[in-house]
Amino acid sequence: MDAHCNGQTLEAVAAKVSDVPGPQRPDDFAVVVVRLGARVRARREKLGMTQEQLGHMVGMDRKAIQNVEYGRSSTKKDGAYGPGNPRLDTIFTIATALGVDMADLIGSEASQ
């Protein structure tokens, strides 16, 4: 799948996510979160789905899907969104709705 998010490399976006105040996480966590979001978005768009449609299928609103796709949390701290941390059951439900395995969404570039 595409290694870019909004025209930026995953590493560049992950660096921004890592700089957001919040609990300390390894840098590779941010890469996985951004990769997950980019892959969800790419698959959703490939299927011709809107964020609203995917949200309806998985029981989430559009904003929650948008947060997954952008690798951010749903709350702001100190005026900025924190890094995302979608629950495992959320990732599973989204993967199922998109017709892919969870590993396809969170696996390494080498596994693609």
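Within the set of pairs 6+ apart or on separate chains, which have a first residue in the stretch 44-73 that is of a type in the set (A, V, I, L, M), a second that is in a strand (DSSP E or B), and C-beta atoms under 8 Å apart?
ALA64/SER74
At least 2 residues that are modelled with pLDDT of 90 or more and touching a helix residue (DSSP H, G or I) at 6+ places or on another chain (Cβ under 9 Å) in each: list the helices (runs of 4 or more DSSP H) lying fully within the stretch 1-104 that qualify.
Correct list: 27-46, 51-58, 62-70, 88-98.
The values are calculated or read from the model by the stated rules, or taken from the named source; none is laboratory data. All figures in this text were calculated on a predicted structure; none of them were measured in a lab. Positions of Cβ are backbone-derived with ideal geometry, glycine not excepted, and every protein chain shown enters the neighbour counts.
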